[in-house]
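Shown next, in C-alpha cells, is the structure this report addresses.
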Amino acid sequence: MPQPSPWFTSPADAVDRLAASGYLADEATATTAYLAGALEKPLLVEGPAGVGKTELAKAVARVTGAELVRLQCYEGLDEARALYEWNYKKQLLRIQASQGSDQSWSATHDDIFTDEFLLTRPLLTAIRRDEPTVLLVDEVDKTDVEVEGLLLEVLSDFQVTIPELGTVAALRRPFVVLTSNASRELSEAVKRRCLYLHLDYPDAARELQIVSSQVPDLEDRIAGRLVETVGRLRDLDLKKAPSIAESVDWARTLVALEIGELDEKAVADTLGVVLKHVSDQEKAIKELRLRS
Amino acid sequence: MSGLVDRHISFLEALRAAGMSVSLAEDLDAVAALSAVAWDRREVVRTAYAATLVKKQSQRPTFDTLFDVYFPRMVGDGVAREQEPDADRVQDNAAALAAFRDDLVDGLAEGDRQAMLDLAAEMLARFGAMPGRGPGLSSWSAYTALQRVSPQELVDRIAQALQVDRPLEDARVEARRRVGELTGLVEADARRRIAEEKGPEHIAQVAVRPSIDRLDFTAARKSDLEQMGREIYPLARRLATRLTQEHHARRRGPLDFRRTVRASISTGGVPLVTHHKPKRPHRTELVVLCDVSGSVASFAQFTLLLVYALREHFASVRAFTFIDHVHEVTHHFRPGADPGDVLADLAASTAHAALWGRTNYGRALTKFEESYADALGPKSSLLILGDARSNYADLHVDVLQRLAGSARHSWWLNPEHRRHWDTGDSAASRYGAVVPMVECRNLTQLGGFVHDIL
C-alpha cells in the first residue's frame, strides 16, 4: 500500500512550513525541496560555507516530523563507517564460545552473520527505518572518490547489498540531502542522480529577515546597516566573504557588547567576527575607509 | 501539447550545444519535475529545470540566458503595453528621450525589480528598434538603446535620489550597481526580441558565451578577467584539497610490523588491521619564466597567482617575467598577500622586463642564463609561459636546450589554440621540440595542468 508522502504538498507549502520552523527559504530553495520530496530524488546542495546548507536538512526534518540521520563525511571515510560493519570482536567471542560445544562450523557460520552481529552505520540505518527519515550526507566533497561509488547504489535505488545477508531495500524512501562546499568536483554519476541546488548569499531583504528572526534583540535600524555593510564586504574581492552565519554572529556580538550605533569605529572594532583573514581585514579597512 | 515537447527538446539541444552535458536521464527527470509543479509561475518552471539540468554553478549563467530565450518573459511589448490608451503617442524624439530618462532615474532610485524589468523592456522597444526593410528583417539593438539613453550618465542623479538615508559614496556605489543591472536586463530583453523575430536557435548560437572556466584567456574582456581573477583562489583551494587527498591515498608506505602486531592483540592475535609507515612526500623547486608582453599578460598573471596559491606544495617557487629582458618578481608574492595587490605590483613591474618592448624570446633566455643560471638545479623544474611569438628574432634554441638540460623537468604552457601554433612568427614547434609544449587556453586546462605536475 503506498503510504502518503510525508513531505511537502507544493512549493508554497514548503515556503510556509519551513518559515514556520525558522528557516526562511527563498522560492528556488523551497521549490527544489518540494521537488526532492515529490520525485523522491536526493538533493545535492552546494554553496559557500555558512549559508544554511546543513540547516536546510535539519529544517526539513523538523517540519515533517522525520528523524534526522546524519553521515558526516571526512577524508578516509570508508564502507565500515558509512554503511555497515560486522562486529568482529563479538563474532570472535561467539566462535570461541562455541568451540567447547559440539556445534558444527556451518551452523556457527550461519550464526555469526546475522543481524545480531551487524553494526549498522548511517546509510543502512536510514534505509532500514520504517518511519519518515531525512538522511543528511554532510560535506560529501570531503570524502574520497571511492565513497561516491558506494553512495551510488544508495542514492539511485535506495538499497544496500550485504554479501552475507543479501540486498536490503528501503522500506520507505528517505529524504536525502547531500551538502558540498565544492572543494572538489563530484563525479557526474552522483550528480546525475541528484537534484541540484546552489545556495548563495541571500539578497539584502532576506538577510535582514534572517538576522532579525535569529537575533530579535537587535534594533531594526542597526540590523539594516549591518546587512548593508555585509553586502558591501561581499562585493570586495575577499578570500572568504562573510556568510549568513557570520552576519548572525555579528548581530549577536553587537547585542552582547550593547553597541547602539554601527558607526565606523564599531565596525572596525568588531570586524574580526566577520572576516577571518588578516589580508581580508586590511582590505576591508582600506576599502570601507575605516579608521584603523 | 505538441509545441511544448518540441520546445523542451530544442531547449535541451541548445543547452548541449552550449557545452552542458545533459543526459537522457536528466531530460526525463526534468519532465518529471515539470509534471510535479504548477506552471502558472515562470520562476517555478525555471527552478524545476535548473534543479534537474544544471549540476554546476558555473553553468548557471548559460542556462539562464537560454531559458530566457526559449521561455521568454513576455511576447512583443507584453499585454500591459498593448492595452495602454496612449499607444499612439510619440515613441522616439528628443522630448520623449528626456522624459524617459527622468522616468529611469525615478525607477532606478526606487529599485523595484519588476519596475526595472518594465523599464528595460520599454527602453529597448522605444530606443533600440532597428526597423528593417521587410518582415523578418527588423531587429533590436541593446547597444543602440544604451548609447542613446546612456544610463551611465544618470548615476549621479540616481545617487542623489538614494542619498537620503546613507552617505553619498555608498549611494554612488549602489547607483552604479543598479545601472549595471539595468544594462544586463536591456541586453537580455534584446535577446528575447531577436529570438522572437528569428527563432531561439539563432540567438542560442550567437549570443551565448562559454562559461568562465572554459573562456579563452586571449578572448576575455575586462570584466571576464576580473571574474577569472576571483576564480583563481577557489580553484587553488580545490586543487589543494584534491592533491592532499590523493597524496594521502598514496601515502601508505611499507608495513609497520610493530604497530600491526600491537594492534592485533586486541583481536586475539588476529591481525585484522594492518598499519603502515608514512611515505615521505616529494616536493620540487619550481622556476617559472613568464612572457608578460601585452598579448599573453593576463594568462601569465593567472598562472603565477595559481602557482603561488599552491606554493606549500612546492619546496620553493621563483618567478621571473620577461619581454626582452628578465626580471625577478618572486618578492611580490608575500604569503597571505591579497591577489589584487599582487596583480597591481606585477603590472607595475612589467616595465623592468622590457628594454625595447618587443618580445624577444631568444634574448630573454640568454639573459636568464647569464643572470640566474643558479636558479636551476637537479631538483628544480622549469615552467615557461608564453605564446612563443618572438617577432622573428633569433630564437636561441641552444640556450633553451641547456636550461632544460640543467632542470629536472621542464614544460612550456602556450595560451594559444593548437591550430594557431606555427602561424606567423610563432616558433611553437621549434621550442616545443626542446621543451614539451602544452596548450593551456582556459582555467579548466590550467587547473588540470597544475594538478598533473604536482
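Quick check on segment A:122-136. Is at least one of its residues among the β-branched types (Val, Ile, Thr), open to solvent by 60 Å² or more (accessible area, probe 1.4 Å) and assigned to a helix (DSSP H, G or I)? Checking segment A:122-136: not a single residue is among the β-branched types (Val, Ile, Thr), open to solvent by 60 Å² or more (accessible area, probe 1.4 Å) and assigned to a helix (DSSP H, G or I). Kindly indicate whether residue A:46 is open to solvent by less than 30 Å² (accessible area, probe 1.4 Å), of a type in the set (Asp, Glu) and touching a residue at least 12 places away in the same chain (Cβ under 8 Å). It is true that residue A:46 is open to solvent by less than 30 Å² (accessible area, probe 1.4 Å), of a type in the set (Asp, Glu) and touching a residue at least 12 places away in the same chain (Cβ under 8 Å).
A Cβ distance below 7 Å, combined with a sequence gap of six or more or placement on separate chains, defines the contacts here; from segment B:232-244, residues that are more than 8 Å from chain A (Cβ to nearest Cβ) reach residues that are β-branched (Val, Ile, Thr) in the pairs B:239/B:450. Residues that are within 20 Å of residue A:199 (Cα to Cα) and more than 9 Å from every other protein chain (Cβ to nearest Cβ) within segment B:31-71 comprise B:42, B:45, B:49, B:58, B:59, B:61, B:62, B:63, B:64, B:65, B:67, listed in sequence order.
Reported count of residues in segment B:395-427, each being assigned to a loop (DSSP other than H, G, I, E, B), in contact with a Lys or Arg (Cβ under 8 Å, 6 or more places away or on another chain) and surrounded by fewer than 22 Cβ atoms within 10 Å (Cβ to Cβ), is 7. Selection of segment B:210-234 for residues being assigned to a helix (DSSP H, G or I) and closer than 19 Å to residue B:56 by Cβ yields B:212, B:213, B:214, B:224, B:227, B:228, B:230, B:231, B:232, B:233, B:234. Counting only residues that are touching a Leu at 6+ places or on another chain (Cβ under 7 Å) and either surrounded by 21 or more Cβ atoms within 10 Å (Cβ to Cβ) or among the polar types (S, T, N, Q) (or both), give me the strands (runs of 3 or more DSSP E) lying completely in segment B:305-387 with at least 1 of them. Fully inside segment B:305-387 and qualifying: B:316-322, B:380-385. Only residues that are under 14 Å from residue A:209 (Cα atoms) and crowded, with 20+ Cβ neighbours inside 10 Å were counted across segment A:25-37, and they come to 1.
Filtering A:57, A:19 for residues that are over 30 Å from residue A:114 (Cβ atoms) and free of Cβ contacts under 8 Å to residues at least 12 places away in the same chain leaves a single hit, A:19.
Within segment A:161-193, the set of residues being assigned to a loop (DSSP other than H, G, I, E, B), in contact with a helix residue (DSSP H, G or I) (Cβ under 7 Å, 6 or more places away or on another chain) and under 23 Å from residue B:47 (Cβ atoms) comprises A:174, A:181, A:182, A:186. Checked against (1) within 14 Å of chain B (Cβ to nearest Cβ); (2) under 30 Å from residue A:154 (Cβ atoms), residue A:238 passes all but a single condition, namely (2). Across segment A:72-118, the qualifying residues are those that are open to solvent by 60 Å² or more (accessible area, probe 1.4 Å) and of a type in the set (A, V, I, L, M), and the one among them that is farthest from the other protein chains (Cβ to nearest Cβ) is A:97. In segment B:292-327, of all residues being more than 15 Å from residue B:385 (Cβ to Cβ) and among the charged types (D, E, K, R), the one that is farthest from the other protein chains (Cβ to nearest Cβ) corresponds to B:324. Looking at the structure I just gave you, is residue A:105 out of contact with any His (no Cβ under 6 Å at 6 or more places or on another chain) and closer than 21 Å to residue A:175 by Cβ? Taking the combined requirement at face value, the residue does not satisfy it. Pairing residues of segment A:159-186 that are acidic (Asp, Glu) with residues that are part of a loop (DSSP other than H, G, I, E, B), at Cβ distances under 6 Å and at least 6 apart in sequence or on separate chains, gives A:164/A:113.
Is it true that residue B:257 is away from chain A (no Cβ under 11 Å), at pLDDT 75 or above and surrounded by 17 or more Cβ atoms within 10 Å (Cβ to Cβ)?
no
Taking every residue in segment A:255-273 that is closer than 14 Å to residue A:228 by Cβ and at pLDDT below 85 and pairing it with any residue that is of a type in the set (Lys, Arg) and in a helix (DSSP H, G or I), at least 6 positions away or on another chain, the pairs with Cβ-Cβ distances below 6 Å are A:262/A:225.
The number of residues in segment A:179-202 being more than 16 Å from the chain's Cα centre (by Cα), open to solvent by 10 Å² or more (accessible area, probe 1.4 Å) and either among the charged types (D, E, K, R) or away from chain B (no Cβ under 11 Å) (or both) comes to 7. Selection of segment A:127-144 for residues being within 14 Å of chain B (Cβ to nearest Cβ) and closer than 8 Å to residue A:67 by Cα yields an empty set. Residues that are crowded, with 18+ Cβ neighbours inside 10 Å, within 22 Å of the chain's Cα centre (by Cα) and of a type outside the set (D, E, K, R) within segment A:203-260 comprise A:210, A:211, A:241, A:242, A:243, A:244, A:247, A:248, listed in sequence order.
The values are calculated or read from the model by the stated rules, or taken from the named source; none is laboratory data. Note that the coordinates shown come from a computational prediction; the quantities given were computed from them, not determined experimentally. Cβ atoms come from the backbone with ideal geometry, glycine included; neighbour counts cover every protein chain shown. Only protein heavy atoms, including side chains, enter the accessible area calculation; ligands, DNA and RNA are left aside. Shrake-Rupley method; radii C 1.70, N 1.55, O 1.52, S 1.80 Å.
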